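J.: One structure follows; several queries about it will come next.
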Amino acid sequence: MAERVLTQRELNRATLARQLLLKRVRLPVAKAVERVAGLQAQLGSTPYVGLWTRLEGFRPQALERALLTGTVSRGLLMRGTVHVVSTRDYALFGAALDVAAPAWLTPEAEEIAHRVAPSLRAFTAEPRTRAEIFDWLEREHGIVSDGTNRAWYAIRIRGRIGHSAEASLWRSPIHGPTFVAVEQRDHDGAAARAELVRRFLAAFGPATRAEIAGWSGLKVRDFTDLLDGLVVLRDDRGRELFDLPRAPRPAADTPAPVRFLPKFDNVLLDRERVLPEAYRRLVVRKNADVQPTFTVDGYVAGVWRVEKKRVVTEPFAPLPRAVRRELEDERARLESWLG
């Protein structure tokens, strides 16, 4: 049977459908973050906006409750970046990524992390600040901070140390966060990687091997033997794509409403699929600082910011009158929700 060929617009609609950006749905928070394979959360507030744009009737208190009750956790996972995921997925994804330390972690930092991880988890059974953790490392292990973040990131990754719930609330202060050991379950590494690939495809597919690697931080060799049972497709550029057998692939003309995305939203990681190349430098700025954006007809069409409690939009090009009305309606809803 000939492989199905998907256009770039069909790929756009597939990703939007899986990322809950074609239609808001009603889901518990933990189920929602599992559906989209986590939300980036370098800033504690960003996953709240990410859920507002995806869930019907979402209120910040829903994510706060999930964090405080431990069904959702926030910590370093894919690509060594901070994500909000279900606590169940934190253990699964962490086990899958154990073979994929970020390239900027040195062997020395890794050695320290593996050595102190068990006792560090005991110390962080209750929330601790970074200063308290480094004081403890010096006191108990003779380890002195070298002034970089390498050891700090390594011990959080290997020790499964996440941001505390209190440091991840809607209005939590940015400075002085606390960190805590996240509940863990044992997973076989290869089985966890196979599941991680499938979870990525469920949330972002269809995708190439390179796209799987780019999102996860894994090397292609870490999962290339774990692709059995997947559907093989091609895009209109001839690239081989993998997907789940029954995953949604909407038609290219499926309507896509205006949506507001927070800083660092993972949907922009597949750059051209949602972010036109002409706008890349306007969105991804120095030090990979990804701006809050809005989409029109499924593609990034501008950026937004909050000024004096007002949501301000900056389209990259003139918009038709009907689109301007739709954008204004969604902007007003976001502004009201932000309060």
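The values are calculated or read from the model by the stated rules, or taken from the named source; none is laboratory data. None of the values given here were measured: they were computed from a predicted structure. Using ideal geometry, Cβ is built from the backbone for each residue, glycine included, and neighbour counts are taken over all protein chains shown. All accessible areas refer to the heavy atoms of the entire protein, side chains included, with ligands and DNA or RNA removed. Shrake-Rupley method; radii C 1.70, N 1.55, O 1.52, S 1.80 Å.
J.: Considering the stretch 249-299 alone, what residues qualify as being assigned to a loop (DSSP other than H, G, I, E, B), open to solvent by 30 Å² or more (accessible area, probe 1.4 Å) and β-branched (V, I, T)?
T.: T254
J.: Mind counting the residues in the stretch 181-208 that are within 25 Å of R65 (Cβ to Cβ), in contact with a Ser or Thr (Cβ under 6 Å, 6 or more places away or on another chain) and open to solvent by less than 30 Å² (accessible area, probe 1.4 Å)?
T.: Residues meeting the conditions: 2.
J.: With (1) free of Cβ contacts under 8 Å to residues at least 12 places away in the same chain; (2) within 20 Å of P177 (Cβ to Cβ) as the list, and R59 as the residue in question, which single condition is left unmet?
T.: With respect to (1) free of Cβ contacts under 8 Å to residues at least 12 places away in the same chain; (2) within 20 Å of P177 (Cβ to Cβ), R59 is out only on (2).
J.: Only one of L51, L43 is over 18 Å from E183 (Cβ atoms) and part of a helix (DSSP H, G or I); which?
T.: L51 is the lone residue from the list that is over 18 Å from E183 (Cβ atoms) and part of a helix (DSSP H, G or I).
J.: Moving on to the next point. Which one is nearest to Y299 (Cα to Cα), of the residues in the stretch 54-75 that are open to solvent by 50 Å² or more (accessible area, probe 1.4 Å) and outside any loop (DSSP other than H, G, I, E, B)? Give the derivation first.
T.: Residues of the stretch 54-75 that are open to solvent by 50 Å² or more (accessible area, probe 1.4 Å), as a first pass: 56-57, 59, 61, 65, 68-69, 71.
Within this subset, residues satisfying the condition of being outside any loop (DSSP other than H, G, I, E, B) are 61, 65, 68.
Details: Q61: 30, R65: 32, L68: 35 Å.
Looking at the filtered set, the residue picked out is Q61.
J.: Hey, V84 hits all of (1) buried (at least 24 other Cβ atoms within 10 Å of the Cβ); (2) part of a helix (DSSP H, G or I); (3) in contact with a Lys or Arg (Cβ under 7 Å, 6 or more places away or on another chain) but one; which does it fall short on?
T.: Only one criterion in (1) buried (at least 24 other Cβ atoms within 10 Å of the Cβ); (2) part of a helix (DSSP H, G or I); (3) in contact with a Lys or Arg (Cβ under 7 Å, 6 or more places away or on another chain) is unmet by V84, namely (2).
J.: Of I143, I161, which residue is at pLDDT 95 or above and open to solvent by less than 70 Å² (accessible area, probe 1.4 Å)?
T.: None of the others qualify; the one that does is I161.
J.: Among the listed residues D243, D236, identify the single one that is surrounded by 15 or more Cβ atoms within 10 Å (Cβ to Cβ), of a type in the set (D, E), within 17 Å of T15 (Cβ to Cβ) and touching a helix residue (DSSP H, G or I) at 6+ places or on another chain (Cβ under 7 Å).
T.: Within the list D243, D236, the selection yields D243.
J.: Within the stretch 302-321, is there a residue that is crowded, with 19+ Cβ neighbours inside 10 Å, part of a helix (DSSP H, G or I) and within 25 Å of the chain's Cα centre (by Cα)?
T.: no
J.: Of the residues V283, V290, which is in contact with a Ser or Thr (Cβ under 7 Å, 6 or more places away or on another chain) and either free of Cβ contacts under 8 Å to residues at least 60 places away in the same chain or under 18 Å from L11 (Cβ atoms) (or both)?
T.: Details: V290 fails: in contact with a Ser or Thr (Cβ under 7 Å, 6 or more places away or on another chain).
Only one candidate qualifies: V283.
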